[in-house]
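Here's the structure we're looking at; comments come further down.
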Amino acid sequence: MDITRFKEDLKAHLEEKIIPFWQSLKDDEFGGYYGYMDFNLNIHRKAQKGCILNSRILWFFSACYNILKNEKCKELASHAFEFLKNKFWDKDYDGLFWSVSHEGKPLDMTKHVYVQAFGMYGLSEYYEASGDEEALHMAKRLFEILETKCKRENGYTEQFERNWQEKENRFLSENGVIASKTMNTHLHVLESYTNLYRVLKLDDVYEALEWIVRLFVDKIYKKGTGHFKVFCDDNWNELIKAVSYGHDIEASWLLDQAAKYLKDEKLKEEVEKLALEVAQITLKEAFDGQSLINEMIEDRIDRSKIWWVEAETVVGFFNAYQKTKEEKYLVAAIKTWEFIKEHLVDRRKNSEWLWKVNEDLEAVNMPIVEQWKCPYHNGRMCLEIIKRVD
């Protein structure tokens, strides 16, 4: 498959499969988008609505408009924005709730940095699409909150009560540990700051972006290994031996994207070198010839294939190909896309992608839509390849 056909294939998939599917989940009665579809394709219309999902849908339709100029996508983004503004935003303490009921009543009023970052990511993209000053104001306010209430010397404290009192970071911890700091949350702060700076070019956003890039280089990256720490204490000491191949390859291209805006040439070079090192190690250790294995916890390797991991693999390897012009990366990106089409795209009518397939490539009974299962990774994969090939 040549690059032009690769791009056209992804564009058709975006326009014919991903966009129509998420459009069909629009809740015209209560606002926002339905929060849950089970494996059997039943929409649970009274399921809670998570802010992560809503923010990612806001980002997705805004980005689709910004790249494809599809007016319908702008309307769909606007629908997500209204729900975010009216139902997720805390009018007393500012910031975004974790979840609301299907009607939009607050359910879990926890404030998590992960949610605030995705809110900012969606709002900045929506501001670019719509010029809506209210969206701009909210994005800037979330930036201020992260910098004044959540930032510490060593990174961002992640989980808070509604009134911004610190609490244990249970929402982003796994594998029996409570991690004060996670690579995952910090990666999405990095990407949201990159997007906010791209759209607004504000000095204080630049300073915060450069600061978090340095944090990744100095504290989160395990030099020479091609891997990032995953679950850590306050001082970025690892709590568990873990390698998340999906986060590694995603971080490689998101850091590379942030590096485009860096004014410090030495730091820029360091980041670009690091990003390639990660892509190289990921290809060597985790690419099995057709797609990427998921993770390694202690010495247990999980070889299942997960929707978001494979989507990020396509972008990460394509980015490495653009930087190096080495065919091995292009081959890996295209092979992963072929694997996705064969095993992760759900062929059933009115569906989208499966959550994951096991080592034997059998579909695992997991939701098609829920708080974390969204159009952000796979939609962005399509949009990134369209942009990059154009």
Every listed condition ((1) under 25 Å from Phe6 (Cα atoms); (2) touching a Ser or Thr at 6+ places or on another chain (Cβ under 8 Å)) holds for Cys232 save (1)
Step by step: first the residues of the range 148-175, then only those that are out of contact with any strand residue (DSSP E or B) (no Cβ under 9 Å at 6 or more places or on another chain) and not in a loop (DSSP other than H, G, I, E, B), then the one that is least open to solvent (accessible area, probe 1.4 Å). Which residue is that?
Lys151
Within the range 1-47, the residues that are open to solvent by 30 Å² or more (accessible area, probe 1.4 Å), under 24 Å from the mean Cα position of the chain (by Cα), touching a residue at least 12 places away in the same chain (Cβ under 8 Å) and within 26 Å of Asn86 (Cα to Cα) are Gln23, Ser24, Lys26, Tyr36, Ile43
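Kindly indicate which of Asp256, Asp264, Asp299, Asp218 is more than 26 Å from Trp337 (Cα to Cα) and either under 18 Å from the mean Cα position of the chain (by Cα) or at pLDDT below 95 (or both).
Numbers: Asp256 fails: more than 26 Å from Trp337 (Cα to Cα); Asp264 fails: either under 18 Å from the mean Cα position of the chain (by Cα) or at pLDDT below 95 (or both); Asp218 fails: either under 18 Å from the mean Cα position of the chain (by Cα) or at pLDDT below 95 (or both).
Of the residues listed, the single one that is more than 26 Å from Trp337 (Cα to Cα) and either under 18 Å from the mean Cα position of the chain (by Cα) or at pLDDT below 95 (or both) is Asp299.
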Inside the range 318-368, can you point out the residues that are in contact with a strand residue (DSSP E or B) (Cβ under 6 Å, 6 or more places away or on another chain) and basic (Lys, Arg)?
Lys356
Close pairs (6 angstrom Cβ cut-off, 6 or more residues apart or separate chains): without any contact (Cβ under 8 Å) to a residue 24 or more places away in the chain and on the phi < 0 side of the Ramachandran plot in the range 282-311, assigned to a strand (DSSP E or B) and of a type outside the set (Val, Ile, Thr) anywhere
Asp302/Glu295
Six or more apart or on different chains, Cβ atoms under 7 Å: show the pairs whose first residue is in the range 314-327 and among the basic types (Lys, Arg) and whose second is open to solvent by 10 Å² or more (accessible area, probe 1.4 Å).
Lys323/Leu276
Matching residues, the range 220-250, being open to solvent by less than 20 Å² (accessible area, probe 1.4 Å) and more than 18 Å from Ile301 (Cα to Cα)
Ile220, Tyr221, Cys232, Trp236, Glu250
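The values are calculated or read from the model by the stated rules, or taken from the named source; none is laboratory data. Note that this is a predicted model, so its numbers are computed, not measured. Neighbour counts are summed over all protein chains in view; Cβ atoms, including those assigned to glycine, are modelled from backbone coordinates with ideal geometry. These area figures cover heavy atoms from the full protein model, side chains too; ligands, DNA and RNA do not enter into them. Shrake-Rupley method; radii C 1.70, N 1.55, O 1.52, S 1.80 Å.
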